1. Which of the strands (runs of 3 or more DSSP E) contained wholly in the stretch 124-174 include at least 1 residues that are touching an Asp or Glu at 6+ places or on another chain (Cβ under 8 Å)?
2. So is Lys266 touching a strand residue (DSSP E or B) at 6+ places or on another chain (Cβ under 9 Å), modelled with pLDDT of 95 or more and assigned to a loop (DSSP other than H, G, I, E, B) or not?
3. Which count do you get for residues in the stretch 176-202 that are surrounded by fewer than 19 Cβ atoms within 10 Å (Cβ to Cβ), assigned to a helix (DSSP H, G or I) and either among the acidic types (Asp, Glu) or out of contact with any Leu (no Cβ under 8 Å at 6 or more places or on another chain) (or both)?
4. Here is a check on your reading of the model: is Gly88 small (Gly, Ala, Ser), surrounded by 23 or more Cβ atoms within 10 Å (Cβ to Cβ) and modelled with pLDDT of 95 or more?
5. Quickly run through the stretch 203-222 and pick out the residues that are buried (at least 20 other Cβ atoms within 10 Å of the Cβ) and at pLDDT below 90.
6. Is it true that Thr275 is in contact (Cβ under 8 Å) with a residue 24 or more places away in the chain, of a type outside the set (D, E, K, R) and in a loop (DSSP other than H, G, I, E, B)?
7. Being in a loop (DSSP other than H, G, I, E, B) and in contact with a strand residue (DSSP E or B) (Cβ under 8 Å, 6 or more places away or on another chain) is the filter here; which residues of the stretch 13-45 pass it?
Amino acid sequence: MKIAVPKERRAREARVAASPETVKKLVGLGATVTIEAGAGAGASMLDAAYQAAGAAIAADIAPALAEADAVLKVQRPSADEIAGIKQGAMLCCIMAPHADRATLEAAAERGLVVFGMEFIPRITRAQSMDVLSSQANLAGYRAVIEASEHYTRAFPMFMTAAGTVQAAKCFVLGAGVAGLQAIATARRLGAVVSATDVRKAAGEQVESLGAKYIFIDLPEGEGGGGYARALTPDEQKKQAELVANHIKAQDIVITTALIPGRPAPKLITRAMVETMKPGSVIVDLAAEAGGNCELTKADEVVRHNNVSILGFTDLPSRIAVDASSLYARNILNFLQPLVDKETKSLKPNWDDEIVKGTLLARDGKVVHPSLAPPAPPALAPEPQTRIPTAPPGEDSGSVPTEPPQRASAPIPPGDDATIVPPRRPSAS
């Protein structure tokens, strides 16, 4: 069993898919691990540490990719990387196929067995493999740190001989994994924190962290898989009014509404930003998917009406050591059940719930149900011309036919996408 770990080449990506800790365990499973030289440098994981753990260091990763049974990455590979991976090899990474379907198609055409780590199912047995939770946790923490960098006042309250400095007010939209960590971090820094989420269960979690739960009165807002259900137009209007009224008095706003495969819902409008206090800061964790704020621009800091809007898409990478360590453990926990203990080779059980949930491509085809191409619209039945039967004794050729009836065009399905807050945290 040969495993290759190339260096991440996408802009602003400092993480690595294996750590010296996980390399040692992979070697213990019978794997031969090859790490590209400098792959862990951005996460302070040096080549010498990988060698001490039993890995080989390759200045040129191409030969290892051509022979590897499994390739481990953080971000999806480039076209050149895909072309260099052995046909039939397993590829484990955050594939983001909704944002880049072409790369997944290319990997499938290459004959790779592609596992999207962000598709780990939300079941108890898979919690230790949950990449989204581990990375979102750190992103929520880092969001508050970035906010403190751009906020020109103090977070905690200070009482001095010269007067009192009031504590910052922080508002978190969405109480999923990232949102809850943002709440906890802002509280540790001394801010007065409030949060909102449409799921009733989230209120208990928010209050358990010492924050105030701001909510609208509506039926249970939780849908399948821990996500929020679709809100009705009237509920959306009430939610927008809640945010608009509350945001005026806030200093820091953290938005976390990001659902894979869907554009980020717009929770904060330009008009809302213009009601905020001068010097306020918005950190938009959904910037990569278009942003929860109308003014967000990916990987930029936008200043509008003296309000700073941070659209960083690399928050986990900005805390690369811990993010890499957790991601590497997620990958290791995913791979361990796939290894045959007798042959020391990768033998996935294709009927396993976790394998089926993460498998994106196999045998040259994209196979994940959520990525199936949309069904073609149903065709209207062709009009049929009815020819009346002539009464006995009459010339049938003189009977006129009925004109064909025009078929009505099929009605396209409606788009009922609505605001959906981020996923609930997994119990740890």
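The values are calculated or read from the model by the stated rules, or taken from the named source; none is laboratory data. None of these values were measured; they are calculated from a predicted model. As a convention, Cβ positions derive from the backbone with ideal geometry for all residues, glycine included, and neighbour counts pool all protein chains shown.
1. On the way: elements: 158-160, 163-165, 169-173.
Hits in the stretch 124-174: 169-173.
2. Details: touching a strand residue (DSSP E or B) at 6+ places or on another chain (Cβ under 9 Å): yes; modelled with pLDDT of 95 or more: no; assigned to a loop (DSSP other than H, G, I, E, B): yes.
No: the conditions fail for Lys266.
3. Looking only at that region, the number is 3.
4. Details: small (Gly, Ala, Ser): yes; surrounded by 23 or more Cβ atoms within 10 Å (Cβ to Cβ): no; modelled with pLDDT of 95 or more: yes.
So Gly88 does not fit the description; no.
5. Gly221
6. Values: in contact (Cβ under 8 Å) with a residue 24 or more places away in the chain: yes; of a type outside the set (D, E, K, R): yes; in a loop (DSSP other than H, G, I, E, B): yes.
Taking the combined requirement at face value, the residue satisfies it.
7. First, pick out the residues of the stretch 13-45 that are in a loop (DSSP other than H, G, I, E, B): 13-19, 29-31, 37-40, 44-45.
Hits for the stretch 13-45 are Glu13, Arg15, Val16, Ala17, Ala18, Leu29, Gly30, Ala31, Ala37, Ala39.
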